[in-house]
Amino acid sequence: MAMINEPLYPIAVLIDELKNEDIQLRLNSIRKLSTIARALGEERTRKELIPFLSENNDDDDEVLLAMAEELGVFIPYVGGVEHANVLLPPLETLCIVEETCVRDKAVESLCRIGAQMREQDLVEFFIPLLKRLAAGEWFTARVSSCGLFHIAYPSAPEALKTELRTLYSQLCQDDMPMVRRSAATNLGKFAATVEAPHLKVDIMSMFDDLTHDDQDSVRLLAVEGCAALGKLLEPQDCIAHILPVIVNFSQDKSWRVRYMVANQLYELCEAVGPEPTRSDLVPAYVRLLRDNEAEVRIAAAGKVTKFCRILNSELAIQNILPCVKELSTDSSQHVRSALASVIMGMAPILGKDATIEQLLPIFLSLLKDEFPDVRLNIISKLDQVNQVIGIDLLSQSLLPAIVELAEDRHWRVRLAIIEYIPLLASQLGVGFFDDKLGALCMQWLKDKVYSIRDAAANNVKRLAEEFGPDWAMQHIVPQVLDMINNPHYLYRMTILHAVSLLAPVMGKDITCSKLLPVVINASKDRVPNIKFNVAKVLQSLIPIVDQSVVEKTIRPCLVELSEDPDVDVRYFATQALQSSDQQMMMSN
C-alpha cells in the first residue's frame, strides 16, 4: 500500500535501480515495471515512465530482453488501446539492438500490441515505424522490420499496401544475407495477409528471388515458405510454381537445403496434393533416401512411414521399400536408428503379405543391430506389427530375437523389453508366456541395474493383473518369495518392493497367508535398509488386511522396529504406526 500512497517513491527507486551497477537490481526493477506503472497511474506512466524507458540506454542484453517482454503486455497500464501507440518508441529502439533474442522479443511485443491497435493508429503510428525500420541504416532494423509486415498490411489503405509490398520485395533482395533470411522466414506470414491477385504476382516473384539466392542459409528458409505458400495458392498454381521449386531443392548443391526438404517433405506433399506427389515427389524422396550426406538420410528415413501413407501400397513397395532395405544396413547408426523408430508403422500400410515377405527380414536385422538405440526403437513399436501379421508369426520370427535382447548388455534395451512384456503377455496368452518368458521375468529381479530390478517388480505386478491371482499364485509368488533369502541385501529389497506391489492385486487372503509372513521375517534382517523398507511395506499392507491382523501381527512388529538402534528404521516404523492409528480412527 505504501507504493500507492507515495507515487513519487517508486519512480525514484526505479530510476536509481535502473542506473545501478548491479545487473540484478536493474533486472528486478524492469520486472517490476507493471507494479510501478499501476502505482503511477495511466497518465504518469505515459508521460514519465515510457519516455524514461525510451531514453534508457542500458547495454546489458538481459535487461533489454526483460524490458522488451514487459512492454508487450503494457497496454492496460497506459490507458488501453487508444494510447497503445506510446509503447512503440521504446520497442522501436529495441528492434535495432545487436542481440538477436532482444530484437526477436521486441518484434513479438510489437506484433502483440499492433494486433490490438485501432486501424487509424496503425496507419498513423505503426506503419511509419515499420517503414523507418525497413529503410534503417543498420541491418538489424531491416531484419526486425520483416516480422511486422503481416500486422501492418491488412489495415493499410491501397496505396500504402503497394508501398509495403515493394518494401518487402526490396528486403528480399537486400545486400545483407541476415535481412534476406528474415524476409524468407516471414514470407509465409506476410503472404497470408496479401490478396490473391498480388499473391500470384508480387509474392511469387519475391519467393522466386529467395529460392535462387546464392546463400544456402536463405534457400533453406525458403523451403519452409514452400509449404506455407502452397497452402495459400490454388492447386494448379501450386503445381505450376511450388512443385518445380521443391524438386530443384531436393537436388540442391547444399546438403542443408536438401536436409530441410527431407524434413518438410510431408508438409510439402500436403501442399501440392496426392497426384503430383506420386508423379514428381516420389523420385525426389527416393533421391533424398539415397543422399550421400547421412544427415539428409536421417531426416528422410524418419519420414518414411508418413510418406508411405500418402502413396498406395503398390507404389510404396515398388519405390520406397528398396530404399528402406538399403537404409537398414546403412553405414550410419543414426540413419538406422531413425528408420527403426518409424519402420513398424509401415506394416499396416503395406498389408500382411508384404510385411511378412519384405518387412520382417528388415525388422530382424534391425533387432540384431549392434547399436542399442536401433534395437530399442524396434522393440518399442512391436505391437504395430502384431496387429498386421498375427501372434503366431510374430512369436515364430521375432520372439527368439526378443529373448536374446532380454539379456542384452545395454540395460536400456533390457528395460524396453521389460516394459513391453505385459503387452506381449496379453497378446501371446498364458500358455505361450509360461513356456518362453516366465523364467526371464524372475531373472530380471536379480539384475545388476536398479532400474531393471524396479521395472521387473512392476512387471510382476502387471502380469498378476493380466493373468489373475490364481495364475500368479502358481507361477509368480513362490519364485518371488524364494528370493527373499538372497545373500545380497539389494536383491532382498527388490523382493520387498515386489511384495508391496503384489499385495493389492492378490487380495487379503493370499497377502495374510503368503506375503505377510515373509515381510515379518525380513524385519529380523541385519541390514537397516531392509528393516526400514519392511516398515514401509507393512504401512502399505495395513489398508489391505483385516484390523485383527494389524493388531496381532503388524503393530507388534512395527513397535519392535520403532525401538531399533538405527534412526531411519525408527523414523519409518513410527510413520507406519501413526498411519495404523489413523486407519483405526477412520474405521471406528
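The values are calculated or read from the model by the stated rules, or taken from the named source; none is laboratory data. Just so it is clear, the model here is predicted, and its values are computed rather than measured. Every residue, glycine as well, gets a Cβ built from its backbone with ideal geometry; the counts of neighbours run over all protein chains shown. Heads up: the accessible areas ignore ligands, DNA and RNA and are worked out on the full protein's heavy atoms, side chains in. Shrake-Rupley method; radii C 1.70, N 1.55, O 1.52, S 1.80 Å.
Here are some notes:
- Selected residue (criterion: nearest to I530 (Cα to Cα)) from residues of the range 490-504 that are hydrophobic (A, V, I, L, M, F, W, C) and open to solvent by 30 Å² or more (accessible area, probe 1.4 Å): M493
- Taking residues in the range 395-408 that are more than 11 Å from L364 (Cβ to Cβ), and partners anywhere that are open to solvent by 20 Å² or more (accessible area, probe 1.4 Å) and modelled with pLDDT of 75 or more, the pairs with Cβ atoms closer than 6 Å and at least 6 places apart or on different chains are D408/R414.
- Within the range 176-207, the set of residues being surrounded by fewer than 21 Cβ atoms within 10 Å (Cβ to Cβ), assigned to a helix (DSSP H, G or I) and hydrophobic (A, V, I, L, M, F, W, C) comprises M178, A196, L199, V201, M204.
- The residues in the range 317-346 that are more than 28 Å from the chain's Cα centre (by Cα) and of a type in the set (D, E, K, R) can be counted, and the count is 2.
Every residue, every condition in (1) open to solvent by less than 10 Å² (accessible area, probe 1.4 Å); (2) more than 27 Å from L490 (Cβ to Cβ), yes or no:
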{"position": "K536", "(1), (2)": "no, no"}
{"position": "L541", "(1), (2)": "yes, no"}
{"position": "I554", "(1), (2)": "yes, no"}
{"position": "R570", "(1), (2)": "no, no"}
{"position": "T574", "(1), (2)": "no, no"}
{"position": "M586", "(1), (2)": "no, yes"}
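- Residues being open to solvent by 40 Å² or more (accessible area, probe 1.4 Å), touching a helix residue (DSSP H, G or I) at 6+ places or on another chain (Cβ under 7 Å) and not in a loop (DSSP other than H, G, I, E, B) - total across the range 350-372: 4
- Screening the range 378-453 for helices (runs of 4 or more DSSP H) wholly inside it with 1 or more residues that are modelled with pLDDT under 70, touching an Asp or Glu at 6+ places or on another chain (Cβ under 8 Å) and surrounded by fewer than 20 Cβ atoms within 10 Å (Cβ to Cβ) returns the ranges 411-428.
- Any hit, the range 474-482, residues being acidic (D, E) and open to solvent by 60 Å² or more (accessible area, probe 1.4 Å): yes
- Residue check for F532: assigned to a helix (DSSP H, G or I), closer than 27 Å to Y491 by Cα, in contact with a Lys or Arg (Cβ under 8 Å, 6 or more places away or on another chain) and modelled with pLDDT of 85 or more: no
- The listed residue being part of a helix (DSSP H, G or I), on the phi < 0 side of the Ramachandran plot and modelled with pLDDT under 75, out of A37, A12: A12
- Number of the condition not met by R375 [criteria: (1) closer than 23 Å to S426 by Cβ; (2) modelled with pLDDT of 75 or more; (3) of a type in the set (K, R); (4) open to solvent by 40 Å² or more (accessible area, probe 1.4 Å)]: (4)
- Cross-chain or 6+ apart pairs with Cβ under 9 Å, the range 526-538 first and free of Cβ contacts under 8 Å to residues at least 24 places away in the same chain, then in a helix (DSSP H, G or I): R526/Y489
- Considering the range 322-348, the residues that are modelled with pLDDT under 80 and surrounded by fewer than 19 Cβ atoms within 10 Å (Cβ to Cβ) include one that is farthest from R375 (Cα to Cα), namely P348.
- Residues that are modelled with pLDDT of 80 or more, under 22 Å from I151 (Cα atoms), open to solvent by 70 Å² or more (accessible area, probe 1.4 Å) and part of a helix (DSSP H, G or I) do occur in the range 72-79, at least one of them.
- A single entry from R526, R462 fulfils the requirement of being open to solvent by 10 Å² or more (accessible area, probe 1.4 Å), in a helix (DSSP H, G or I) and over 21 Å from E551 (Cβ atoms): R462.
- The residues of the range 40-60 that are open to solvent by 20 Å² or more (accessible area, probe 1.4 Å) and assigned to a helix (DSSP H, G or I), listed by number, are E42, E43, R44, R46, K47, E48, P51, F52, S54, E55.
- Within the range 257-269, at least one residue is among the acidic types (D, E) and either open to solvent by 50 Å² or more (accessible area, probe 1.4 Å) or within 24 Å of the chain's Cα centre (by Cα) (or both).
- Of the residues screened, D564 is one that is open to solvent by less than 50 Å² (accessible area, probe 1.4 Å) and either in contact with a helix residue (DSSP H, G or I) (Cβ under 7 Å, 6 or more places away or on another chain) or not in a helix (DSSP H, G or I) (or both).
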